[in-house]
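First up is the structure itself, then whatever we jot down about it.
The values are calculated or read from the model by the stated rules, or taken from the named source; none is laboratory data. What you see is a predicted model; the values in this text were computed from it and never measured. Cβ coordinates were reconstructed from backbone atoms using ideal geometry, including for glycine residues, and neighbour counts include every protein chain displayed.
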Amino acid sequence: MEYRTIIEPFRIQSVAPLRMTDEGQRRAALERAGYNLFNLRSVDVMIDLLTDSGTGAMSRDQWAALQHGDESYAGSPSFELFRSAVQELFPFQHVLPTHQGRAAEKILFSVIGGPGKAIPSNTHFDTTRANIEYTGAEAVDLVIAEAHDPARLHPFKGNMDTAALDAFLAARQGSVPAVFVTITNNSGGGQPVSLDNLRQTRDVCRKHGVPLFLDACRFAENAWFIREREPGQQGRDVADIVREMASLADGMTMSAKKDPLGNIGGWLALNDDELAEQCRAMLILTEGFPTYGGLAGRDLEALAQGLKEVVDHDYLRYRIRSTAYLGEALLRAGIPVVQPIGGHAVYLDARALLPHVPPLQYPGQALAVALYEAGGIRGCEIGSVMFGRQPDGTEKPASLELVRLAVPRRTYTQSHVDYVIEVCEAVAARASALKGYRISSEPPRLRHFGARFEPLG
Ligand code: F0G
């Protein structure tokens, strides 16, 4: 007998309290925060869906692994364990541990970036884009056209537009030091990339002599989608699919705060000896000695264990299903969301839900603030607040206005998610009354983290 209900493949061994708040308390918190949800104290948030990054629950075995941490400055066995766990899935020659993903990006781009250079991706994540632009290089998004339509169904909506990539590499010969593929495509809705598309991307890169890098934060979720959706991949071991994805690339950056199930961590891995040497020199300058990078030995141990747990099929079946559970309920309630439902998050389409709010009055921000006010749920605007400010200082609407409800790994139960669904329904029912915002102050870069807002009308 196959049952319909997919249960969490774990039981809860340790709990943390949620502080219940009412609307009045939340309105006051919003005012103090300048209507920027990044400025809230987390104790004022009931269900925190701001990110799936570093917010997951570690397993019993990960906590036990912490005790094995060897904190030697050089040559720690914890590093060897970490490196073999990484290479078991991503057999790259050199593995450089960093304190998180953006540190790996910073090191790599400070070596290969610079003015006049361009680095294409399906869609760059915001820190990736910012680290590229900080060096004076250009970050270019070349995702397939289907990705720009939130309601359009496509099994691999994170795919690279390989024809556009081919044309781009031909036009910018000599100025592209690497091509990136983000798996899953976070900024494009948590959508997967197919093995077939990775292969084609690799072929285009080979043709132009440009190395291919993976931004692989959510590699296991991507591999699960491949197993579920790509012809010929059914029944395959996920770890095997991951190794095949890695075999198509020359290197990777990683935030271990996502699929490696850590609360902190990352790495840069690559095959090129000379580039690795240059990056290692930067690693020592900015992170630490190459056998710990930006991490403690105990973190390396926890990540090595997390990498084993994340490719477990029961875990991934539950993980992908629980995100879809939220997305499908919202769809049934008539709330527009990016389709198909992504791996780590559900993305509400704020442009469709709030058509009366113009892009530069930030419909995504208006919706995110309303969800917090109504139910203490913290999501994240991914739209014109995040992407609207251009490197030349002008402002222009982003291609999508989304609110991401990211699901931390192994953290919330189904009744938490049922509550989120109920709050979303209540807010959607009065969407036409929601007003836009203006930005009253903003930092020079990555403005979404620090901007303050004022409600309009
Ligand atoms: N690349 C992608 C695709 C990401 O989603 C992130 C982080 C990074 C790189 C940077 O990694 O945070 O460890 O420095 N994404 C988080 C998020 C913050 O909420 O999506 P990091």
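Restricted to segment 373-451, the set of strands (runs of 3 or more DSSP E) holding at least 3 residues that are under 17 Å from the mean Cα position of the chain (by Cα) and at pLDDT 95 or above comprises 402-406. Scanning segment 1-30 for residues that are charged (D, E, K, R), assigned to a loop (DSSP other than H, G, I, E, B) and in contact (Cβ under 8 Å) with a residue 40 or more places away in the chain turns up just one, Glu8.
Pairs meeting the criteria (first residue in segment 352-364 and part of a loop (DSSP other than H, G, I, E, B), second residue basic (Lys, Arg), beta carbons under 8 Å, at least 6 apart or on different chains) are Val357/Lys435. Out of all the residues in segment 350-358, is one or more within 16 Å of the ligand (Cβ to nearest atom) and not aliphatic (A, V, I, L, M)? No: zero hits.
Return a yes/no flag: does segment 317-325 have any residue that is within 17 Å of the chain's Cα centre (by Cα), touching a residue at least 60 places away in the same chain (Cβ under 8 Å) and within 16 Å of the ligand (Cβ to nearest atom). Scanning segment 317-325, I find at least one residue that is within 17 Å of the chain's Cα centre (by Cα), touching a residue at least 60 places away in the same chain (Cβ under 8 Å) and within 16 Å of the ligand (Cβ to nearest atom), so the answer is yes. Go through segment 166-184 and give me each residue that's without any contact (Cβ under 8 Å) to a residue 60 or more places away in the chain and part of a loop (DSSP other than H, G, I, E, B). Residues satisfying the conditions are Arg172, Gln173, Gly174, Ser175, Val176.
Taking the criterion of being under 26 Å from Pro340 (Cβ atoms) and either outside any loop (DSSP other than H, G, I, E, B) or not assigned by TED's automatic domain parsing to the domain that holds Ala137 (or both), the residues of segment 185-207 that qualify are Asn185, Gln191, Leu195, Asp196, Asn197, Leu198, Arg199, Gln200, Thr201, Arg202, Val204.
One residue stands out in segment 31-79 among those that are in a loop (DSSP other than H, G, I, E, B) and acidic (Asp, Glu): the one that is surrounded by the most Cβ atoms within 10 Å (Cβ to Cβ), namely Asp52. In the set (1) in the same structural domain as Glu88 (by TED's automatic domain parsing); (2) assigned to a helix (DSSP H, G or I); (3) hydrophobic (A, V, I, L, M, F, W, C), the condition left unmet by Leu316 is number (1). In segment 178-198, is there at least one residue being among the polar types (S, T, N, Q), more than 19 Å from Ile226 (Cβ to Cβ) and surrounded by 15 or more Cβ atoms within 10 Å (Cβ to Cβ)? Checked against the condition, which is being among the polar types (S, T, N, Q), more than 19 Å from Ile226 (Cβ to Cβ) and surrounded by 15 or more Cβ atoms within 10 Å (Cβ to Cβ), segment 178-198 yields at least one hit.
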